[in-house]
Amino acid sequence: MGKANFRPTSWEQYIGQEDLKTNLQITITASQLENRAVDHILLSGPAGVGKTSLAYLIGVMLKTKTHILHGPNLQKPSDLICVLTQLKDFEVVFIDEIHAISKEVSELLYPVLEDNTLNLIIGKDYNSKNINIPLPKFTLIGATTNLYHLSQPLIQRFPINLTMNNYTLADLQQIIFNCAQQQTIKLGMPEAYFIAQHSRFNPRIAINLFKRIYDYALTTNCKIITIVLIKVVFKNLQIYLGGISKLEINYLSIINNTFGNKPTGIDMIAQVLNEPVVNITNSVEPLLLKLGFLEKTNRGRVITVKGQGFLQKINFKKFENS
Ligand code: ADP
């Protein structure tokens, strides 16, 4: 199975995100009825929640080519110009991590998004002149994990601005089950649900966990994936319910044991944990808040009764600095 990425190739295979799918289906149908390109789309949401897959699926639905670009690689105007000038009518250009494009590339995009035109300055100083190159009808799909790093003028030039919704455990169960259907070693819906419960509400993490479990089953010659087998893999990977890892456990343990669960400031926790504050706020706390283990008060962070119950259940006494 290795590097298989299980990208959905039909709306049915693209699980969850029902409102978003309905809106996109209407947009696609309307544009096809009038033979115009689908309006430009901006997708925002955390990593692994299906933005690239959605762009790819839109390309499949339009029966056209999707050019995949990465924001960090778009620093000089020429990085983008060479792609745009080779486009054919109705093709899709997907820019992942669009917040990482340079200011120059961003400014180049304004007339592209608004008038479908490349606005270039040729020559230098007194000899320079402005030329406008009309582009084919095409759809730009931008994806970002960090909407607040995009300039307002750029955001406003996308006629369709969509935020990915959260996935339910039932959605993730279905995604895992569908992946397993394509493999030789199978699993049932209860096993898929058990994996979903450990996947941090994220499809990419769910699929990656399934891949590790599958590898284990393959190498130990198991013909079917059972809960017992999954538990062994999670134990080896040190993954707990919800998808909690050692980092989150250390975080909880610092507040609970080191600071006696008194409201604690993020800087203090970051220092003891030896982790950058941004990692804690972006990766550690969202899951703990979602699971109801943590509360943010205006005096600091405290662990909820549910969070303390979890620590007791796994019998975790001390913060481990390793
Ligand atoms: P992003 O671009 O947001 O980082 P991806 O589109 O790369 O996320 O998705 C990560 C993985 O999860 C891919 O293997 C993809 O096929 C799968 N995936 C994500 N969302 C869905 C979904 N809604 N239905 C089925 N599979 C999904």
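Odds and ends about this structure:
- Residues of the stretch 86-119 that are open to solvent by 20 Å² or more (accessible area, probe 1.4 Å), touching a residue at least 40 places away in the same chain (Cβ under 8 Å), in contact with a Leu (Cβ under 7 Å, 6 or more places away or on another chain) and within 16 Å of residue 135 (Cβ to Cβ): 90 alone.
- If only residues of the stretch 220-235 that are at pLDDT 95 or above and not in a loop (DSSP other than H, G, I, E, B) are counted, the one that is surrounded by the most Cβ atoms within 10 Å (Cβ to Cβ) is 230.
Residues checked against (1) over 22 Å from the mean Cα position of the chain (by Cα); (2) free of Cβ contacts under 8 Å to residues at least 40 places away in the same chain:
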site	(1), (2)
236	yes, yes
244	no, no
268	yes, yes
287	no, no
310	yes, no
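- For first residues located in the stretch 27-46 and within 10 Å of residue 143 (Cα to Cα), partners that are buried (at least 17 other Cβ atoms within 10 Å of the Cβ) and among the aliphatic types (A, V, I, L, M) and lie 6+ apart or on another chain with Cβ distances below 6 Å form the pairs 41/141; 43/143; 43/162; 45/164.
- Residue satisfying all of: in the stretch 146-191; under 16 Å from residue 47 (Cα atoms) and modelled with pLDDT under 95; surrounded by the fewest Cβ atoms within 10 Å (Cβ to Cβ) among these: 148
- Within the stretch 186-237, the set of residues being among the polar types (S, T, N, Q) and farther than 15 Å from residue 169 by Cβ comprises 208, 219, 220, 221, 226, 236.
- Members of the stretch 15-27 found to be surrounded by 17 or more Cβ atoms within 10 Å (Cβ to Cβ) and farther than 18 Å from residue 49 by Cα, listed by number: 27
- Condition check for residue 34: within 16 Å of the ligand (Cβ to nearest atom) and either surrounded by fewer than 20 Cβ atoms within 10 Å (Cβ to Cβ) or under 19 Å from the mean Cα position of the chain (by Cα) (or both): no
- In the stretch 125-145, the residues that are closer than 23 Å to residue 62 by Cβ, open to solvent by less than 70 Å² (accessible area, probe 1.4 Å) and either within 16 Å of the ligand (Cβ to nearest atom) or out of contact with any His (no Cβ under 7 Å at 6 or more places or on another chain) (or both): 135, 136, 138, 140, 141, 142, 143, 144
- Residues satisfying the stated conditions in the stretch 178-188, i.e. within 16 Å of the ligand (Cβ to nearest atom) and either in the same structural domain as residue 107 (by TED's automatic domain parsing) or not in a loop (DSSP other than H, G, I, E, B) (or both): 178, 179, 180, 181
- With respect to the stated conditions, residue 24 fails to be assigned to a helix (DSSP H, G or I) and within 7 Å of the ligand (Cβ to nearest atom).
The values are calculated or read from the model by the stated rules, or taken from the named source; none is laboratory data. The shown structure was predicted, so the numbers you read here are calculated from the model rather than taken from an experiment. Note: ideal-geometry Cβ built from the backbone for every residue, glycine included; neighbour counts use all protein chains shown. Accessible surface is based on the protein model in full, side chains and every heavy atom, while ligands, DNA and RNA are left aside. Shrake-Rupley method; radii C 1.70, N 1.55, O 1.52, S 1.80 Å.
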